[in-house]
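To keep things clear, I will list the structure first and then write my remarks on it.
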Amino acid sequence: MKKITKSNKNIFLKGILPLLLLISFVFSPIKVSAEVAETEINGELINASSEFLRDLDFETWQLVAYKSPLFEDKLILRVIGYPGNLRIDHPTGLNVESGRKKWILDDKTLLNVALANDGRQAAAEFDLDELIQTIDKNRPLRLSLSGVFSELPVPPFVVKEWRSLN
């Protein structure tokens, strides 16, 4: 007859280890937010919010929001994709929805000489100022750009960073 005994390893693995893991997650939560940092844009160091997001077709886009000295310090949203992804006829407005609210952001791409002369067509810029001044909460947004992406979800933490730049 075999003698069955409980080992201390089982008690540690089943009881104490999960408790320690839970405590570590509670006291050091994972940081999920965009970050405002100095970024070189148009040859100048500017405070900008930068985040990579995926559209519903799983294409990755970089969204950079910054106050542009080229546009009287208005808040500008630069949408950056893989070179060649943004072959659109300018000007084309960026559609933004949140619940029942809708906005169309003006295309500023051709007014930025560096982007207008860039043959890669990897970026487009839009006037984000009016949208950010209109909203009073960090609400989720859905972006769509005709012929480029049909829906790009923007989470509230990114909107919060955009609002902090204003």
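Taking neighbour Cβ counts within 10 Å as the exposure measure, how do Lys67, Lys108 sort from fewest upward?
Least to most surrounded, the residues fall as Lys67, Lys108.
For region 101-117, what does the Karplus curve 6.51 cos²θ - 1.76 cosθ + 1.60, with θ = phi - 60°, yield as ³J(HN,Hα) per residue in whole Hz, taken in order and with x for Gly and Pro?
These are the phi-based 3J(HN,Hα) values: 8, 9, 9, 10, 8, 5, 6, 10, 4, 6, 7, 9, 4, 4, 6, 5, 9 Hz.
Please give the Cα centre distance for region 61-116 versus region 120-143, rounded to the nearest Å.
Centre-to-centre distance over Cα atoms comes out at 8 Å.
Between Arg54 and Asp118, what is 0.36 nm times their sequence separation minus the Cα-Cα distance? Round to one decimal in nm.
Working it through step by step, the gained length comes to 20.7 nm.
Tell me, what is the FRET efficiency for Ser164 and Asp89 to the nearest 0.05, using R0 = 30 angstrom and their Cβ-Cβ distance as r?
0.35
Roughly speaking, what is the stretch gain from Leu110 to Glu72, that is 0.36 nm per residue apart minus the C-alpha to C-alpha distance, in nm to one decimal?
Residue separation times 0.36 nm, minus the Cα-Cα distance, leaves 12.1 nm.
Which net charge results when you count Lys and Arg as +1 and Asp and Glu as -1 among the other residues whose beta-carbon is under 11 Å from that of Ile135?
Residues near Ile135 contribute +3 overall.
Arrange the following residues from fewest to most other Cβ atoms within 10 Å of their Cβ: Thr60, Thr109.
Thr60, Thr109
Would you kindly derive the ³J(HN,Hα) couplings of region 149-160 from the backbone phi angles with the Karplus curve 6.51 cos²θ - 1.76 cosθ + 1.60 (θ = phi - 60°), listing them in order in whole Hz, with x for Gly and Pro?
Values per residue, Gly and Pro as x: 9, 8, 7, 10, x, 10, x, x, 5, 6, 4, 4 Hz.
Kindly list the residues of region 73-92 that lie in the label zone of Glu130, defined by a backbone N under 19 Å from the point 7 Å along the Cα-to-C-beta vector.
In region 73-92, the label zone of Glu130 (backbone N under 19 Å from the point 7 Å along Cα→Cβ) covers 73-79, 90-92.
No lab work stands behind these numbers, since they all come straight from the coordinates. Everything numeric in this text was worked out from a predicted model, so none of it was measured. Glycine gets a Cβ as well: all are built from the backbone with ideal geometry, and neighbour counts include every protein chain shown.
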